[in-house]
Amino acid sequence: MNRQEWETGLPLDTYLETLQFNAPTWRENLEQTGVEAFCDRLERLRATLPGLHVAVFSESWCGDCVENVPVLGRLAREMPLWEVRVFSRESELMQRYLTGGRAVIPTMVFLTPEGRELYRFIERPAAAHAFLKASAPPDGDELRRQERLKEARRKLRELYRAGLRAETVREILDGLERALAGTEE
């Protein structure tokens, strides 16, 4: 992503000020996300990766964005040289970061200030994926499966409050540490 493209994104604070949907929940999630358990890891990252650009593809109506983008916002508060910009999923730039040919949000792309991609966090932490998959497995009755999935998504919000936000932090830090070490997943 070049500088001109980067500048088209909204700074995270501006994005949070202009939310069209779920604004109180976004703010609550930002304030309730704790990173204290990760202080040592954050300190090491500050030393080895002081500056970072994070391009976030997000929409205010998306439940996964409501839960996970504020986690990134909390991390960015701890990492003052991180610059976060938010782009609409409808942005042409999103085409570069499709998952399985689809625009999946949130997609968080961690880049060096020069534009080299280090890591990508997509949608939700693995534990949340596993919970949804176990809660609504395909069974031939798609209508019933969709009802179970709707209930599972409601329960997922409770799980984020109970600890899944920490899983998002952990996955982001793991991905960045792997990128810095030059190792893959």
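For the stretch 1-88, the normalised intensity computed at q = 0.18, 0.20 Å⁻¹ comes to -0.81, -0.96 (log10 of I(q)/I(0), Debye sum over alpha carbons, equal scatterers, no solvent). The ranking of D40, D13, D64 by Cβ neighbour count inside 10 Å, starting from the fewest, reads D40, D13, D64.
For R154, neighbours were defined as the other residues whose beta-carbon sits under 13 Å from its Cβ, and their charges (Lys and Arg +1, Asp and Glu -1) total +2.
For the stretch 54-157, run through the trypsin sites (Lys or Arg not before Pro) and keep only the ones in DSSP coil with at most 14 other Cβ atoms within 10 Å of their Cβ.
In loop regions of the stretch 54-157 (DSSP not H, G, I, E or B), the sparsely surrounded trypsin sites (Lys or Arg not before Pro) are R116.
Report summary: the helix-based calculation at 222 nm, which adds -39500 (n - 2.57) for every DSSP H run with n ≥ 4 and divides by the residues of the chain, gives -15500 deg cm²/dmol. Using a simple spin-label model with pseudo-atoms 7 Å out from Cα toward Cβ, S135 and W61 lie 2.1 nm apart. Put in line by how crowded their Cβ is, counting other Cβ atoms within 10 Å and starting with the fewest, H53, H129 read H129, H53. Modelled label positions at E142 and T112, each set 7 Å beyond Cα in the direction of Cβ, lie 4.6 nm from each other. Placing a pseudo-label 7 Å from each Cα along the Cα-to-Cβ vector at K155 and E123 gives an inter-label distance of 1.8 nm.
Just for the stretch 1-95, what percent of DSSP beta bridges are antiparallel, to the closest 5?
Once the DSSP bridges in the stretch 1-95 are tallied, antiparallel ones form about 20 percent.
Could you calculate the FRET efficiency of D13 with R96 from 1/(1 + (r/R0)^6), where r is the beta carbon distance between them and R0 is 35 Å, rounded to 0.05?
That pair, D13 with R96, gives E of 0.90.
Need one number: % antiparallel among DSSP beta bridges in the chain, to the nearest 5. Taking every DSSP beta bridge within the chain, about 65 percent pair in antiparallel fashion. Among W61, W6, the ranking by other beta carbons within 10 Å of each residue's beta carbon, starting with the fewest, stands as W61, W6.
In this structure the amide hydrogen of T107, modeled in the peptide plane, comes within under 5 Å of the amide hydrogens of F57, E123, none closer than 5 places in sequence on its chain.
Here, each number is a calculation from the coordinates, and none is a lab measurement. As the structure is a computational prediction, the values presented were derived from the model and not from experiment. With ideal geometry, Cβ positions are generated from the backbone for all residues, glycine too; neighbour counts draw on all protein chains shown.
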